[in-house]
Amino acid sequence: MTVGGTDSHPTGGNPTGGTDSHRVGSATGGAADGPGPVLRPVGEHALLVELPGAAEVTALYGWLRERQSAGGLPPVEEIVPAAHTVLLDGVADVPALARLLRTARPDRAATAAGPLIEVPTVYDGADLAEVAARWGVPPEEAVRIHTAPEYVVAFCGFAPGFGYLTGLPTRYEVPRRATPRSAVPAGSVALAGPYTGVYPRSSPGGWQLLGRTALPLWDAGRTPAALLAPGTRVRFTPVRAGTE
């Protein structure tokens with residue numbers, strides 16, 4: 001499931017507009033200490049879990065997938081993470097799933113268990129020098145900073161195959177461009193806020209461009225069609241032009 005529009009990230013919300021919500025807390029359904037996840041029914045066969053941020057989304061998504069693989073999750077057709085929410089759709093037994101979620105204690109510090117994808121990247125983006133200047137380093141050091149972390153695809157949206165990758169330390173967050181470009185080339189590796197992303201196709205966009213890759217991010221004939229699906233681990237590898 002993806003969302004259309006610009007390359008601004010989607011945010012969590014309550015599609016039903018209702019107030020029948022339950023905070024995920026103890027096994028008895030009590031409130032957790034401080035801000036925590038909230039369960040909201042969405043129609044008759046779906047639940048929306050609202051969370052404080054991307055780290056909590058990634059942790060819960062991984063926990064759900066592990067439980068599902070082990071056969072410990074009530075039947076669910078689709079698990080869709082977003083910036084602050086996880087939607088569970090096609091739920092056969094909503095009350096049973098809600099009871100399970102109230103006992104969930106995902107570990108934010110747990111290492112993502114998804115497949116590792118290496119993204120060979122030519123770091124010649126139009127905004128590389130500007131990003132380096134914001135970081136107070138030369139461009140070659142900016143490349144080292146960007147390639148150092150192992151990223152995780154927190155969620156997908158904006159366009160088919162576009163993953164929002166977390167993992168860059170918060171001190172390196174950069175704002176979107178004040179004026180978006182009318183066309184960003186396919187394969188562009190870019191930054192905005194806490195996220196790194198790779199444009200799967202040419203489209204308008206306002207993210208800061210660091211480089212480019214030749215990897216096909218979206219292939220309708222592939223399963224899954226998105227190379228960077230939620231939970232996937234990602235490493236960016238610097239390469240010379242013509243070798244990507």
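Under the rule of at least 5 residues apart or a separate chain, name every residue whose amide H is placed under 5 Å from the amide H of G163.
Sorted by chain and number, the residues that satisfy this are V198.
Accessible area of region 67-154 with a 1.4 Å probe: how many percent of it is carbon plus sulfur?
Here carbon and sulfur together make up 51 percent of the probe-accessible area.
Scan around I117 for amide H atoms under 5 Å from its own, H built in the peptide plane at 1.01 Å from N, and keep only partners 5 or more places away or cross-chain.
Result for I117 returns R233, V234, R235.
If I ignore ligands, DNA and RNA and count only protein heavy atoms, how much of R235 is accessible to a 1.4 Å probe, in Å² to the nearest 10?
Probe radius 1.4 Å; accessible area of R235 about 80 Å².
Please list the non-local residues whose amide H lies under 5 Å from the amide H of S188, H modeled 1.01 Å from N, same-chain partners needing a gap of 5 or more.
HN-HN under 5 Å from S188: Y199, T213.
Would you work out if region 52-109 is rounded, prolate or oblate? Take a ≥ b ≥ c from the square roots of the eigenvalues of the alpha-carbon gyration tensor; rounded if a/c is under 1.5, else prolate when a/b is larger than b/c, oblate otherwise.
Prolate is the answer for region 52-109, as a/c is 1.5 or above and a/b outweighs b/c.
How high is the FRET efficiency between W135 and T243 when r is their beta carbon distance and R₀ equals 30 Å, given to the nearest 0.05? Can you show the working numbers first?
On the way: r = 26 Å, r/R0 = 0.86.
According to the calculation, E is roughly 0.70.
Can you give me the accessible area per residue for region 129-244, using a 1.4 Å probe, in Å²?
Numbers: 5040 Å² over 116 residues.
That works out to 43 Å² for each residue.
Direction-averaged shadow area of the convex hull around the Cα atoms of region 95-244, nm²?
Values: hull surface 43.3 nm².
The number I arrive at for region 95-244 is 10.8 nm².
Could you state how much accessible area T196 has, in square angstrom rounded to the nearest 10, with a 1.4 Å probe and all protein chains kept in place?
Accessible area, nearest 10 Å²: 0 Å².
For L51, what accessible surface area do you get with a 1.4 Å probe? Give it in Å², rounded to 10.
20
At a 1.4 Å probe radius, carbon and sulfur cover how many percent of the accessible area of region 163-244?
Roughly 55 percent of what the probe reaches on region 163-244 is carbon or sulfur.
So what J values fall out for region 183-188 if you push phi through Karplus, 6.51 cos²θ - 1.76 cosθ + 1.60 with θ = phi - 60°, rounded to Hz, Gly and Pro as x?
Here the 3J(HN,Hα) series is 8, 9, x, 4, x, 5 Hz.
Determine the distance separating the Cα centre of region 193-227 from the Cα centre of region 79-149; give it in Å without decimals.
Cα centroid of region 193-227 versus Cα centroid of region 79-149: 14 Å apart.
The values are calculated or read from the model by the stated rules, or taken from the named source; none is laboratory data. Remember, it's a predicted structure, so these values are computed and weren't measured experimentally. Here the Cβ is made from the backbone with ideal geometry for all residues, glycine too, and neighbour counts use every protein chain on show. Accessible surface is based on the protein model in full, side chains and every heavy atom, while ligands, DNA and RNA are left aside. Shrake-Rupley method; radii C 1.70, N 1.55, O 1.52, S 1.80 Å.
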